[in-house]
């Protein structure tokens, strides 16, 4: 049987490339390969481990430079390195024959079967899909979506998904990312989109917050003023005065332990009354998803603050 010595073969690391810069020590000739840059006279290693971590570029038929492949993203279980098998046309747009279509159908079936290496990876793919769906429904930015996906991935690595619903943990990851970025979304807003009971989302969020130590700040009523004002159709003058009332209340320390959305609704109600705009306590309470008594109690706190 014919054998060959693997040490006699040439690799890409042995390809020599010339350089115009001399050695900084002895001004001698420098030899550059894909592994290192070394001086041929004194042996000084100028650079090593030269790995190009940038994107791959190529020149197309229209003489324009394009990037091949998408950037890595934490929003997918494989970081965006998945492969898709086409259907009826090739990369050039030509129609495939019947034999090639049958071959691609078999490849597509086997590719779908071998997509998940384990049950854990399958759960990760399902959870990240839920995170992207909830984030898209809430209109969140890509950065917050990626943070929520990374939070869900960390929760799975810490074995926090055991005994809990994937949908609830995905919704809790989105809510946790919103809390970390100062957004005014509530669990009552996230749970219906995820089609999970609010209690289960609350439990999952408490687990994430306790086990991972999320850098979440206390929710301030000022964060809910623009959102509730937009839903009620208030004017800019009312919104600005309500924001000022909320800031004064926060500085005075009367917002500790109160419902932030309900307190923001009370600020908007008082600002609307000051500008003679038709806004009732019932309307403000309905948008803030609190009772009328809550808005009335917060109004009394604001009145006592002005005395």
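Data table
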quantity: Search result, residues across region 246-268 that are under 15 Å from residue 306 (Cα atoms) and touching a residue at least 12 places away in the same chain (Cβ under 8 Å); calculated: 246, 247, 248, 249, 250, 252, 254, 255, 266, 267
quantity: Any hit, region 274-282, residues being touching a residue at least 40 places away in the same chain (Cβ under 8 Å) and outside any loop (DSSP other than H, G, I, E, B); calculated: no
quantity: Residues located in region 160-203, provided they are over 27 Å from residue 289 (Cα atoms) and either modelled with pLDDT of 90 or more or buried (at least 19 other Cβ atoms within 10 Å of the Cβ) (or both); calculated: 160, 161
quantity: Candidates 125, 176 - the one that is within 21 Å of residue 74 (Cα to Cα) and in contact with a helix residue (DSSP H, G or I) (Cβ under 8 Å, 6 or more places away or on another chain); calculated: 176
quantity: Index of the failed condition, residue 132 passing every other in (1) surrounded by fewer than 14 Cβ atoms within 10 Å (Cβ to Cβ); (2) over 14 Å from residue 204 (Cβ atoms); calculated: (1)
quantity: Test: residue in region 93-109 that is within 30 Å of residue 288 (Cα to Cα), modelled with pLDDT of 80 or more and surrounded by fewer than 19 Cβ atoms within 10 Å (Cβ to Cβ); calculated: no
quantity: Tally, over region 192-215, of residues that are closer than 16 Å to residue 152 by Cβ and in contact with a helix residue (DSSP H, G or I) (Cβ under 6 Å, 6 or more places away or on another chain); calculated: 9
quantity: Condition met for residue 258 (surrounded by 20 or more Cβ atoms within 10 Å (Cβ to Cβ), at pLDDT below 90 and outside the structural domain of residue 180 (by TED's automatic domain parsing)); calculated: no
quantity: Yes/no for residue 243 being in contact (Cβ under 8 Å) with a residue 24 or more places away in the chain and buried (at least 24 other Cβ atoms within 10 Å of the Cβ); calculated: no
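The values are calculated or read from the model by the stated rules, or taken from the named source; none is laboratory data. None of the values given here were measured: they were computed from a predicted structure. As a convention, Cβ positions derive from the backbone with ideal geometry for all residues, glycine included, and neighbour counts pool all protein chains shown.
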